[in-house]
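Below you'll find the structure, written out as structure tokens, and then a few comments.
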Amino acid sequence: MTASPELGAQRPAPDLLRSVFRRHAAGVAVITAHGPRPAGFTATSLTSVAAEPPLVSFGVGTGSSSWPVIADAEHVGVHILGEHQSELAATFARSGADRFAPPTRWRSGPHGVPLLEGVLAWMVCRVVARVPAGDHRVVLAEAVAGDPTGDGRPLLYHQGRFNGLRD
């Protein structure tokens, strides 16, 4: 199969990328970090990169309010949200919100990383790289602690909405 000469001739517009990825169902995570104030954001870009060493990656916008803390953090928290946590996901996605104020339940975990309560699973990860990628950075981090034993089904993001997994 050969590519048409037209493919790649034009750079896709950001709107095209957003439209295509609205159709891609993604798991929902919250990334947290310890700084002068705790920081965190909702991420649908979380990816398992390698098992040995145990690496994950996620993207973060350099214009986001969380970026200055993530940029300096040695460790981050990675939280996998359950379908019952769409409000928590929305809180951490909302610009200007006090994301760690009640009703958010959290505690300080290993390396001072804020850990959210009631999630399906969490990991504390050591940041190993921050790779420039347009107006974002792709953060690579190695898992150093965690708990995968939460109950429930995962929260998904699809068509601009948080949804539960359907059978």
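Just so you know, all these numbers are worked out from the coordinates, no wet-lab data involved. What you see is a predicted model, and the numbers here were worked out from it, not measured in a lab. All Cβ positions, glycine included, derive from the backbone under ideal geometry; neighbour counts span all protein chains shown.
Of note:
- Formal net charge of residues neighbouring G160 (Cβ-Cβ distance under 10 Å; K, R +1; D, E -1): +3
- Net charge dipole size for the range 27-149 [Lys, Arg +1 and Asp, Glu -1 on Cβ; Debye, nearest 20]: 240
- Using the alpha carbons alone, the radius of gyration of the chain stands to its Kirkwood radius in an Rg to Rh ratio of 1.00.
- Cα Rg over Rh - the range 53-106, Kirkwood: 0.97
- Each listed q (0.14, 0.25 Å⁻¹) maps to a log10 I(q)/I(0) for the range 20-73 from the Debye sum over equal C-alpha point scatterers, namely -0.44, -1.04.
- Between the range 55-127 and the range 14-39, the Cα center-to-center distance that results, in Å: 11
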